[in-house]
Amino acid sequence: MSFQDQSLKRKAMAVMMLTAVAVLVLSAVAYTVQDLISYRQHLAQSLSGTAAVLADNSVAPLALKDRAAASNCLASLRADPRVVAAAIYDSRGRVFARYPAQGPAVDVPPSPGAPGYRFQDGHLILFEPVEENHQDLGTFYLKSGHYPIVARLRLFGGVVLLVFLGSMGVALVIANALQRRITQPVLALAETAKHVSERKDYSLRAAQAGGDEIGVLTNAFNRMLSRIEEQTETLGRNEKVLSFMAAIVQSSDDAIIGKDLEGNVVSWNAAAERMFGYTAREIIGQSITRLVAPDRPDEEEHILEEAQQGRTRHYETMRRRKDGSLIAVSLVVSPIKSSSGQIVGISSIVRDLTEQKLTDFELQESRAGLAAIIGSAMDAIISMDADQRITVFNQAAERMFGCPASEALGQPLDRFIPERYRQMHRRHVEGFGRTGVTARSMGAFQPLSGLRADGEEFPIEASISHIELGTQKVFTVILRDITERKRTEDHVRRLNAELEQRVEQRTQELTAANKELESFTYSVAHDLRAPLRHLDAFSRILQEDFSADLPPDAQHYLNSIRASTSRMSELVDDLLNLARVGRQELKRLRTPLGDLVQEVVADLKPETEGRAIEWRIQPLPSLECDSGLMKQVFANLLGNSVKYTRPRPQAIIEVGCQKVNAHTAVFVRDNGVGFNMKYADKLFGVFQRFHRAEEFEGTGVGLATVDRIIRKHGGHIWAEAAVDKGATFYFTLDGLEQPAAQAAA
């Protein structure tokens with residue numbers, strides 16, 4: 001049940017108790033806050049004094065660099081339980097001594113803060129400079145605990161609770177006694193009204209309640225009953241006439257209210273019930289002032305005076321409904337006269353003007369808002385009638401066309417259109433008005449031009465709309481000057497054309513340079529093979545036929561020549577392979593990458609014989625790629641993993657697919673010797689090696705070949721490693737964008 005529906009006793013009791021509770025709570029909060037502020041100020045003053053004394057006592061220890069004396073100075077704080085931490089900093093901001101000596105490091109800042117104190121997280125933090133003869137020797141630091149404040153809050157909470165409970169008990173007793181005295185007369189009056197309503201016995205009278213407002217209400221109620229009793233007798237004599245008049249009143253769309261000369265309601269028709277929310281039973285006998293708006297307390301008194309003097313008046317005012325909402329009304333008040341001409345009552349005919357007022361207000365607001373929007377718009381807005389004569393010309397239009405609105409209004413819109421477009425534009429507007437379409441853009445098939453007052457033509461964008469006001473059509477055109485945009489677009493087109501030409505020229509130059517470089521590399525490597533074969537053949541003949549006649553040093557040199565020739569042949573082969581990769585056209589076929597990995601692992605079996613290698617090969621996706629080149633990628637990467645895990649008793653080589661920075665990448669990971677990441681930018685260069693040839697064989701061309709193959713496939717390769725912690729090589733490829741989980745499936 002809502003508060004409004006509660007009994008008067010409960011309402012009075014609730015108001016008194018809520019008032020008492022509010023006063024008690026506000027008083028307790030104010031007192032607690034004031035005490036906490038006082039306590040914080042006292043704590044700050046007290047500890048500031050302690051800090052100043054200890055800062056003075058710290059002068060000698062700091063000057064003599066005596067840490068023991070400084071610690072003894074701080075140890076005196078044991079007598080003050082409010083202090084949880086303290087420290088002395090030297091002139092360079094370093095901790096010289098701390099209290100307690102073995103306390104948590106977090107209680108003492110690593111360096112001193114600004115002089116003064118502040119409260120932080122329930123603690124008082126204080127920094128006091130240590131000076132001698134205006135010379136800065138260091139800083140004294142002190143931190144208080146927060147437990148005294150918490151204990152004080154608990155004590156105050158208990159006291160406030162006890163006071164609150166005691167005060168509520170006293171308030172309950174007093175409120176109960178007072179509400180009886182206040183509500184008893186009202187309840188008695190209500191009981192009398194109830195009996196009158198139920199029994200229709202208007203001879204009943206309410207007992208006199210005193211001289212206060214309730215007594216006045218009781219007297220008014222009794223007088224009303226007397227009037228009703230008299231009127232009932234009169235109505236009984238004129239029942240037929242009154243029944244007919246009542247039917248007229250009840251069927252009226254306007255609220256018709258009858259009042260006595262004192263303003264008490266004596267009749268209340270159905271329209272009044274609908275308009276004000278009161279039923280006739282609720283309002284008859286009550287003062288009409290119930291309907292008076294709060295801001296017009298004396299209005300009804302003036303209306304009654306006018307009616308009592310026999311005048312009929314019309315008013316437009318505000319009235320209040322039962323739910324408290326206000327409505328605008330038209331009010332016709334006239335006196336009711338008896339057959340003898342005596343004024344015996346007052347009639348009010350009320351019409352609800354709320355909707356009409358709201359509509360008028362909204363219309364005014366809409367017009368004002370529309371005018372403000374049109375006036376402040378950045379685009380030119382021009383309205384015209386069916387004859388295409390200008391009726392609205394905003395400030396943006398004035399600036400755009402260089403013509404004041406006073407000269408433009410009433411003129412044909414043709415004035416601001418180049419002459420060669422005027423007839424076509426007029427036909428366009430007339431045709432648009434016949435289509436039934438309310439709005440559309442203009443100039444969809446050819447550019448539009450405007451004409452300034454000084455005769456200058458300029459490009460524009462335009463849209464047109466129309467509405468019908470009654471029988472009149474109103475067209476509105478919104479225009480935008482696009483001179484700067486056209487100029488910018490032309491400039492951008494010229495720049496784009498120049499850029500495309502430069503890019504094409506540069507691409508041709510780079511393509512030619514790459515082809516020349518690849519041809520040169522291929523030619524050099526190819527031409528080196530014949531001399532190398534001769535060197536190897538002749539050195540082998542020398543070794544086979546004349547080794548017995550050669551001294552040991554010569555045999556050693558001959559072995560070195562053969563070893564170098566073999567290594568040079570490998571370099572030449574790798575260079576030829578690298579050049580071949582650059583010149584080779586890709587033959588893309590749907591290829592399962594997992595099958596390529598398995599083939600490479602099978603090819604590496606001669607090198608892995610007798611070694612403990614754990615292969616962890618995850619499922620890999622299929623891809624449109626050159627299968628031969630991609631197999632070479634895995635051959636080089638897995639071959640490196642086999643080579644660089646050779647020192648490990650248990651080698652682990654893993655191949656898989658995972659998400660890296662929102663891209664799907666294939667990885668090859670091992671637990672080999674790794675490398676230093678500061679040299680990673682040289683990793684994919686030709687002849688770049690991070691290990692000595694005596695430790696690991698190789699030419700330094702393999703990773704350069706892998707990088708070129710990956711880039712030819714539109715991908716990217718990189719590595720992550722650490723010395724003696726293995727390495728991981730990642731690469732992406734076009735078409736390898738599915739999630740890793742999907743690839744594994």
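The share of accessible area on the stretch 584-691 that comes from carbon and sulfur is 50 percent, using a 1.4 angstrom probe.
Exceeding 29 Å between C-alpha atoms, which entries from my cross-link table qualify? They are 587/678; 194/337; 659/712. Cα-Cα > 29 Å for 587/678; 194/337; rest within. Averaged over residues, the count of other Cβ atoms within 10 Å places the peptides 319-332, 643-656 in the sequence 643-656, 319-332, highest first. Think of the stretch 249-314 as having a plus end and a minus end, set by charges on the Cβ of Lys, Arg, Asp and Glu; of 270, 314, 255, 270 sits farthest toward the positive end of this dipole.
Protection proxy ranking for 84-95, 491-502, 31-42, using the average of other Cβ atoms within 10 Å per residue and placing the highest first: 84-95, 31-42, 491-502. State the Cα centre-to-centre distance between the stretch 250-317 and the stretch 633-682 in whole Å. If you average the Cα positions of each part, the centres end up 96 Å apart. Evaluated with a Cβ-only charge set (Lys, Arg +1; Asp, Glu -1), the stretch 69-114 carries a dipole of roughly 40 debye about its Cα centre, given to the nearest 20.
Averaged over residues, the count of other Cβ atoms within 10 Å places the peptides 308-316, 15-23 in the sequence 15-23, 308-316, highest first. In the context of the full set of protein chains, the stretch 609-677 has a per residue accessible area of 40 Å² (1.4 Å probe).
The values are calculated or read from the model by the stated rules, or taken from the named source; none is laboratory data. Keep in mind the model is a prediction, meaning the values are calculated, not measured. Neighbour counts run over all protein chains shown; Cβ positions are idealised from the backbone, glycine included. Surface accessibility is based on the protein's heavy atoms, side chains included, excluding ligands, DNA and RNA. Shrake-Rupley method; radii C 1.70, N 1.55, O 1.52, S 1.80 Å.
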